[in-house]
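Quick note: the coordinates plus some simple rules give every number you see, no bench work behind them. It should be emphasised that the depicted structure is a prediction, and the values quoted were computed from it without experimental measurement. Methodologically, a virtual Cβ is constructed for each residue, glycine included, from the backbone with ideal geometry; neighbour enumeration extends over all protein chains shown.
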């Protein structure tokens with residue numbers, strides 16, 4: 001087995017009982033991501049050091065400047081990953097460049113609390129030097145998890161390429177559905193034009209979409225789906241809501 005090959009994939013089951021998988025990130029790809037993130041942190045620490053030096057010149061208080069510099073350096077070392085992963089859906093610049101993302105154990109988006117825990121424990125993972133403990137635990141547990149991942153319930157996965165409707169062929173003919181009830185027709189007419197175009201494009205291509213593509217496309221518009229069909233999203237998931245809107249859109253087109 002190559003160094004960066006994961007022992008297994010993260011298998012996720014959607015509320016519609018459709019399964020898909022994320023390939024787990026191996027040590028090699030995670031190390032490459034670190035090689036990109038580390039110089040960024042060094043550059044930020046240098047800027048913080050220059051700021052501390054300027055503070056010392058202004059206040060003539062060397063101790064205050066040194067303390068401020070140390071606090072800023074610690075915040076950069078710890079906060080860089082926390083802020084990046086929490087604000088960027090589990091990514092840092094390095095992870096983005098290599099195609100990695102931090103997700104929950106069930107494939108769900110990373111929560112702020114999880115990002116905080118995994119990056120606080122990073123301090124222990126780094127010991128005794130250069131992630132010695134983290135690399136050891138990563139190999140021992142067999143799931144590509146360092147201590148921070150074990151504590152936070154997270155895992156680093158490889159992302160698949162993005163999915164765009166415009167890249168997918170249109171089916172020859174969408175099936176015709178029964179005419180809509182007045183409330184259903186009003187729901188379709190009230191859709192945001194951009195969402196309506198997306199749903200119509202999805203409906204036309206749906207027969208040719210595999211389960212993973214359906215999942216990714218539905219996740220991409222989940223906030224809009226929650227506004228339109230909140231109960232469906234809450235009980236059956238965004239894919240079920242997108243399929244229901246697709247059926248209604250086709251039915252509304254048949255009514256025209």
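Once both labels are positioned 7 Å from their Cα atoms along Cα-to-Cβ, the gap between residue 83 and residue 192 label points is 2.8 nm.
How would you rank 95, 145, going from fewest to most other Cβ atoms within 10 Å of each one's own Cβ?
Ordered by Cβ neighbours within 10 Å, fewest first: 145, 95.
Sorted fewest first by neighbouring Cβ atoms within 10 angstrom, 209, 147 come out as 209, 147. Counting neighbouring Cβ atoms within 10 Å and putting the fewest first, the residues 199, 140, 46, 216 line up as 140, 46, 216, 199. Please give the FRET efficiency for residue 143 paired with residue 71, using the beta carbon to beta carbon distance and R0 = 30 Å, rounded to the nearest 0.05. So the FRET efficiency works out to roughly 0.30.
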